[in-house]
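Rule-based calculations on the coordinates, nothing more; no lab input. This one's a predicted model, so the numbers in the text were calculated from it and none came from an experiment. Here the Cβ positions follow ideal geometry from the backbone for every residue, glycine too, while neighbour counts run over all protein chains shown.
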Amino acid sequence: ALERTLSIIKPDAVAKNVIGEIYTRFEKAGLKVVASKMKHLSKQEAEGFYAVHRERPFFSALVEFMISGPVMIQALEGEGAVLKNRELMGATNPKDAAPGTIRADFADSIDANAVHGSDSLENAAIEIAYFFPATDVYAR
Ligand code: CMP
């Protein structure tokens, strides 16, 4: 089915100047960018976005990393977009990521792991709405 998912290019990948290379992977896989913005998240915005992880031991390191520099945030649309994006990203820990995935090619560690992607269709809707009002998402 036609789906939308939220993607974030994290501060490490923005700093490496690979936004375009990552967008090319989305496009070559048939995912369309339907909303996009660069943003330096506040601590409050990062904590709110990752609220489901609040009790995890890595929460504060995750938030500090996510506010260490600007991120590129996009909504992606396509057939099976949630799973397709997760396949493009590879495993959360780049040590476990399959060759040719975004994290295998651009990530340095489980914290600096280049990209975030929604893990379910339900969370995708919540995460897209967190960053983009409906009027800023362009069906195409
Ligand atoms: P992300 O997909 O953005 O969702 C939460 C992030 O927490 C994850 O990617 C990792 O960058 C980070 N993280 C750090 N340690 C862990 C861990 N042990 N398990 C899962 N995520 C972790």
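Sparsely packed loop sites in the stretch 63-140 (the chymotrypsin sites (Phe, Trp or Tyr not before Pro) outside DSSP H, G, I, E and B with at most 14 other Cβ atoms within 10 Å) comprise 138. Taken one residue at a time, the phi angles of the stretch 3-9 give Karplus couplings (6.51, -1.76, 1.60, θ = phi - 60°) of 10, 10, 9, 9, 10, 10, 8 Hz. Gly and Pro are set to x. Summing Lys and Arg as +1 and Asp and Glu as -1 over all other residues whose Cβ lies under 15 Å from the Cβ of residue 82 gives a net charge of -3.
Apply the Kirkwood formula to the stretch 9-52: the hydrodynamic radius equals the inverse of the mean of 1/r over all pairs of different alpha-carbon atoms; give it in Å with one decimal. Could you put the intermediate results ahead of the total?
Values: mean 1/r = 0.0818 Å⁻¹.
Roughly 12.2 Å, rounded to one decimal.
Going by neighbour counts of Cβ atoms within 10 Å, the residues 24, 92, 135 line up, fewest first, as 135, 24, 92.
Per the Debye calculation on the chain with a single equal scatterer at every Cα and no solvent contribution, log₁₀ I(q)/I(0) for q = 0.22 Å⁻¹ amounts to -1.59.
Computed from point charges on the beta carbon alone (+1 for Lys and Arg, -1 for Asp and Glu), the dipole magnitude for the chain about its Cα centre is near 220 Debye. Neighbour counts of C-beta atoms inside 10 Å place 55, 79 in the sequence 55, 79, starting with the fewest.
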